[in-house]
Amino acid sequence: MGEVLERPATAGTVLPILDIRHVDKRFAFGAETITALSDATLRIDKGEFVCLIGPSGCGKSTLLRMVAGFETVSAGALLMWGKPVSGPGPDRGMVFQDYGLFPWLTVSQNIAFGPIARGRPKAEAAATARRFVEMVGLTRFADAYPHQLSGGMKQRVAIARVLANDAEVVLMDEPFGALDAMTRERLQEELLEIWARAKLSIIFVTHAIEEAIILADRVVVMSPGPGRIIADERIALPRPRDPTGVEFNALRRHLSGLLGSHH
Amino acid sequence: MTALAVRAAASRQALLAVAAPVLGLLAWHVTTSGPGYHLIPPPADVAVQWWDLAFGGVWDDLYSATLFTHAMASLGRVYGGFALAALVALPMGMLIGRIAVVRDLLDPSLQILRPIPVTAWLPLAMIVFGIGPRSAFFLVFLGAFYPILLNTVFGVRSVEGRLFEAAAMLGVGRQAVFWKVVLPASLPSIFTGLRLGLGFAWVVIVVGEMTGVQTGLGAIIMEARQLSRTEIVISGMVTIGVLGFLSDRMVQLLGQRLLRWSPQHG
Ligand SMILES: Nc1ncnc2c1ncn2[C@@H]1O[C@H](COP(=O)(O)OP(=O)(O)OP(=O)(O)O)[C@@H](O)[C@H]1O
Ligand SMILES: [Mg+2]
């Protein structure tokens, strides 16, 4: 499938970190085929923060899992730095909604897991872990096991684990969905800070329109049956963003309108 | 909780733990002491017999001061059979759990062999291994084998899929995933299997030592039964109970150390 896609980057065009071109995803469901995603096209530049919103079942998780390399594409192409994604890898870190922490490892060990798996020396991995434990504010819990942590703390570990592994692209599937409003707000702020500092490219799936407008450079709106991308809105408001502001509310109305009209 | 409250809770638990055995002993004493013929000796007679069995100096008969020898013989068979069972069942369980071909090859046969009780193997064991300790050893092995195998297979198969994804996206390769994910994730189940297996080894030891061995707790129980020395029978039972309990506690403590991360074990 590669040859059609190896279009040379012409002068002046910056190579996007992620280039999703006309991607379809079909699942066999018993005797039938479900089209979870149809003709999805999306270019994401290095350092962009993109939020995916859309009703349940429109293929948000499916798209994210394909970028992560957990699922293959049924048609089209999915490129990272111009090369087809062929499986999971440490350049694309996933933050799961259910955390996916290793219960037998402490907070530090969970964070050091990636560097050690990639053959870094133990001492270096431990130092990296210490740095990221501190960054997400869990120094006091460095030696705690996941079952001793709250949901918000586990989510921080999941984020730190991906950052400590030098992921360039961070994929987040409703990471703050299960948290209370206050914890969510704090984590949103921290995430924005880390994103800016580490020059990450983030795809962030959420159900909450407000969360998308607070976080994103671009909000990509999807609709179901079959899953499609129906809009790609740039959010030009300066950060930090005020959810009570006039422009914020105009955007919120606009995006709810997009979501509502496609039900 | 304050230190005092902790201590109060602990002593309450200890009190409850001894309450049932004390009541049991009392009931045993009341129904078997006093005039008349009793099939079951009273607890005091059993205690005296146990003392003689352990240290001698009371009856000074054939059985005096032999308990240590018998207990060591049984312990050797229990732990030997158990260790051999673990040595075979752990790798086999991991292979069955992880490799479809091995599962398809072995699982049906194992499912058919499994319901056969250990006691039913007794005659065959005696034919193959002869009358003696080797048969006992084999039966203990068999008793410990299935709990270890089944729990290992279960543990290795029920690793959460999410953890494989997490490991893959962090850069763990196909080969390393067994050591980095499968093994640690299935450790609680494996541990449960080992604990059950050791328990079964103790259960089976009496049957195993009915195969005509000279020493062992099972052997003196069977021998004393034929001689109607019921005190010795009960002394042997008590000894097995205590040794089995102690060995289970040891395994449990080990588990609490190794599985501190698991909410069920830590
Ligand atoms: N492994 C699978 N096998 C079969 N169908 C699947 C599979 N994964 C997803 N689907 C289908 O693909 C469609 C999109 O699912 P997906 O999980 O991507 O939706 P979503 O937008 O993430 O929804 P939600 O907001 O509820 O998480 C659904 O119809 C779902 O049933
Ligand atoms: Mg989803």
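The values are calculated or read from the model by the stated rules, or taken from the named source; none is laboratory data. Please read these numbers as outputs of a predicted model, since none were measured by experiment. Here the Cβ positions follow ideal geometry from the backbone for every residue, glycine too, while neighbour counts run over all protein chains shown.
Worth pointing out:
- Among the residues of the range B:152-161, those identified as of a type outside the set (A, V, I, L, M, F, W, C) and either outside any helix (DSSP H, G or I) or buried (at least 19 other Cβ atoms within 10 Å of the Cβ) (or both) are B:THR152, B:GLY155, B:SER158, B:GLU160.
- Residue within the range A:246-263 that is within 16 Å of ligand 2 (Cβ to nearest atom) and surrounded by fewer than 15 Cβ atoms within 10 Å (Cβ to Cβ) present: no
- Residue match in the range B:85-106 (condition: more than 26 Å from B:MET210 (Cβ to Cβ) and either in contact with a strand residue (DSSP E or B) (Cβ under 9 Å, 6 or more places away or on another chain) or basic (Lys, Arg) (or both)): yes
- Residue among A:ALA77, A:ALA68 that is touching a Lys or Arg at 6+ places or on another chain (Cβ under 9 Å) and within 12 Å of chain B (Cβ to nearest Cβ): A:ALA68
- Test: A:ILE159 is facing chain B (nearest Cβ under 10 Å) and either surrounded by 22 or more Cβ atoms within 10 Å (Cβ to Cβ) or in contact with a helix residue (DSSP H, G or I) (Cβ under 8 Å, 6 or more places away or on another chain) (or both): no
- Test for A:GLY87: is it over 22 Å from A:LEU215 (Cα atoms), within 16 Å of ligand 2 (Cβ to nearest atom) and not β-branched (Val, Ile, Thr): no
- With a requirement of 2 or more residues that are under 28 Å from B:LYS180 (Cβ atoms) and of a type in the set (A, V, I, L, M, F, W, C), the strands (runs of 3 or more DSSP E) lying completely within the range A:15-120 that satisfy it span A:75-80, A:92-95.
- Boolean, B:PRO35 is under 28 Å from the mean Cα position of the chain (by Cα) and not aromatic (Phe, Trp, Tyr): no
- Every test in (1) buried (at least 21 other Cβ atoms within 10 Å of the Cβ); (2) away from chain B (no Cβ under 11 Å) is passed by A:ARG92 save one, and that test is (2).
- Residue within the range A:58-69 that is aliphatic (A, V, I, L, M), more than 9 Å from ligand 1 (Cβ to nearest atom) and free of Cβ contacts under 8 Å to residues at least 60 places away in the same chain present: yes
- Residue in the range A:116-124 that is more than 10 Å from chain B (Cβ to nearest Cβ), of a type in the set (A, V, I, L, M) and closer than 30 Å to A:ILE214 by Cβ present: no
- Residue within the range A:134-152 that is touching a residue at least 60 places away in the same chain (Cβ under 8 Å) and within 11 Å of chain B (Cβ to nearest Cβ) present: no
- Those strands (runs of 3 or more DSSP E) of the range A:200-263 in which 3 or more residues are away from ligand 1 (no atom under 16 Å from the Cβ) occupy A:228-234.
- Residue count, the range A:133-156 (criterion: among the aliphatic types (A, V, I, L, M), crowded, with 19+ Cβ neighbours inside 10 Å and not in a helix (DSSP H, G or I)): 2
- Test for B:ASP60: is it modelled with pLDDT under 90 and within 16 Å of B:ILE232 (Cβ to Cβ): yes
- A:THR206 meets each of the listed conditions (1) polar (S, T, N, Q); (2) more than 16 Å from ligand 2 (Cβ to nearest atom); (3) more than 14 Å from every other protein chain (Cβ to nearest Cβ) apart from (2).
- Helices (runs of 4 or more DSSP H) lying entirely in the range B:40-148 (those with 3 or more residues that are buried (at least 21 other Cβ atoms within 10 Å of the Cβ) and touching a helix residue (DSSP H, G or I) at 6+ places or on another chain (Cβ under 9 Å)): B:43-55, B:67-98
- Checked against the criterion of being in a helix (DSSP H, G or I), on the phi < 0 side of the Ramachandran plot, at pLDDT 95 or above and crowded, with 23+ Cβ neighbours inside 10 Å, the range A:167-177 contains not a single residue that satisfies it.
- Filtering the range A:89-102 to residues that are more than 16 Å from ligand 1 (Cβ to nearest atom) and touching an Asp or Glu at 6+ places or on another chain (Cβ under 9 Å) leaves A:PRO90, A:ASP91, A:ARG92, A:GLY93.
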